[in-house]
1. Return the residues of region 139-180 that are under 17 Å from the mean Cα position of the chain (by Cα) and at pLDDT below 95; say none if nothing qualifies.
2. What number goes with the only condition from (1) buried (at least 21 other Cβ atoms within 10 Å of the Cβ); (2) under 21 Å from ALA222 (Cα atoms); (3) in contact (Cβ under 8 Å) with a residue 40 or more places away in the chain that LEU116 does not pass?
3. Looking at GLU27, is it away from the ligand (no atom under 13 Å from the Cβ) and acidic (Asp, Glu)?
4. Could you please tell me which pairs satisfy a Cβ distance under 9 Å, a separation of 6+ or placement on different chains, a first residue in region 15-28 that is modelled with pLDDT under 95, and a second residue that is of a type in the set (S, T, N, Q) and within 12 Å of the ligand (Cβ to nearest atom)?
5. Please verify whether region 207-216 includes one or more residues that are closer than 27 Å to PRO110 by Cβ and in contact (Cβ under 8 Å) with a residue 40 or more places away in the chain.
6. Suppose we keep only residues that are crowded, with 21+ Cβ neighbours inside 10 Å and aliphatic (A, V, I, L, M) within region 150-165. Which one would you say is farthest from ASP112 (Cα to Cα)?
7. Please work out if GLY188 is away from the ligand (no atom under 12 Å from the Cβ) and surrounded by 15 or more Cβ atoms within 10 Å (Cβ to Cβ).
Amino acid sequence: MLSYRHAFHAGNHADVLKHAVQSLILEALSVKDKGFCYIDTHSGAGGYALDHEWTQKKAEYLTGIAPLWQQRRKWPQLAGYFAAIEAMNPTDELDFYPGSPKVAAHFQRPQDSLTLMELHHNEVDLLRQNMGNGVAIHHRDGFEGLPALLPPTPRRGLVLIDPPYELKEDYQTVATTLAKAYKRWPIGIYAIWYPLLARKVDRSGALREALANCGFEQVLCAELSVSAQADDFGMYGSGMIVLNPPWKLDEQLTELLPRLKDTLAQDKAADWKLEWLKKSDS
Ligand SMILES: C[S@@+](CC[C@H](N)C(=O)[O-])C[C@H]1O[C@@H](n2cnc3c(N)ncnc32)[C@H](O)[C@@H]1O
């Protein structure tokens with residue numbers, strides 16, 4: 001059963017955290033001329049029209065990317081992320097929002113490879129329509145597909161894992177997939193998005209613990225909450241766990257997260273956190 005459609009949430013605070021971190025990592029990979037690979041296990045539709053009726057239903061972008069977009073020139077540390085958004089919005093109006101595939105495509109050079117996986121048949125059709133040439137699109141299960149694609153060529157790069165977590169097994173599947181990935185490609189950078197949910201349903205603690213113990217020696221965790229945690233229902237924030245983060249990502253996030261918290265806060269409980277779940281000096 002696949003019912004999740006990302007258009008309902010495009011551009012919300014969780015997308016901002018995810019795509020900001022994704023952009024910082026891709027920017028770091030772009031510093032060297034040597035090519036990189038980008039693999040997206042859960043790609044979605046690639047890009048989103050903000051006036052679509054699904055996106056307008058809750059208009060989550062109004063408390064996500066919209067306030068940042070207005071003051072984007074004051075955020076030099078996110079210039080790459082905003083350039084990816086500007087590439088879809090040639091005028092000053094914010095009409096379209098890039099999904100993770102479009103963000104990645106913005107950083108792609110001729111020597112870089114993009115591989116996008118998506119299981120939902122309607123979403124994969126939209127993904128094909130939204131992405132140009134020069135990307136490989138697979139209509140397949142990203143959890144099964146990732147280990148099969150590793151080790152990739154080029155040998156340096158980023159894997160983004162961004163499941164909808166509709167199935168509670170997804171949390172465990174993320175951890176087992178990464179344990180397999182570690183055996184095949186231990187030097188890759190992996191970024192895993194996860195939601196921070198109401199107390200009765202939140203599983204972020206178990207995910208953090210599992211990813212701290214799936215083989216990788218460098219495990220950085222960034223969280224941004226925009227409101228208080230409810231008891232029963234709702235997402236109050238999200239997190240990104242980065243395995244093998246690029247040099248200085250922790251310093252960049254130490255500067256970025258408090259500013260994002262101040263800009264996206266919906267109440268006084270908004271907060272941010274950055275911690276190494278595992279760190280070795282080797
Ligand atoms: C959160 S959305 C992805 C959003 C996208 N990464 C972005 O940032 O723009 C999750 C996507 O995963 C897809 N999906 C769900 N289970 C999947 C699986 N096992 N393999 C690949 N895609 C899956 C859903 O159809 C949905 O489009």
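1. GLU166
2. Only one criterion in (1) buried (at least 21 other Cβ atoms within 10 Å of the Cβ); (2) under 21 Å from ALA222 (Cα atoms); (3) in contact (Cβ under 8 Å) with a residue 40 or more places away in the chain is unmet by LEU116, namely (2).
3. When the stated conditions are applied, GLU27 passes them.
4. Taking only residues 6 or more apart or on different chains, not a single pair turns up.
5. No, every residue in region 207-216 fails to be closer than 27 Å to PRO110 by Cβ and in contact (Cβ under 8 Å) with a residue 40 or more places away in the chain.
6. Among them, the one singled out is ILE161.
7. yes
To keep it simple, each residue is scored yes or no on (1) within 11 Å of the ligand (Cβ to nearest atom); (2) over 24 Å from ASP125 (Cβ atoms); (3) in contact with a His (Cβ under 9 Å, 6 or more places away or on another chain).
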site: GLY44; (1), (2), (3): yes, no, yes
site: LEU50; (1), (2), (3): no, no, no
site: TRP69; (1), (2), (3): no, yes, no
site: ALA84; (1), (2), (3): no, no, yes
site: PRO101; (1), (2), (3): yes, no, no
site: ALA105; (1), (2), (3): no, no, no
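The values are calculated or read from the model by the stated rules, or taken from the named source; none is laboratory data. Everything numeric here is computed off the predicted structure, so don't read it as measured data. Note: ideal-geometry Cβ built from the backbone for every residue, glycine included; neighbour counts use all protein chains shown.
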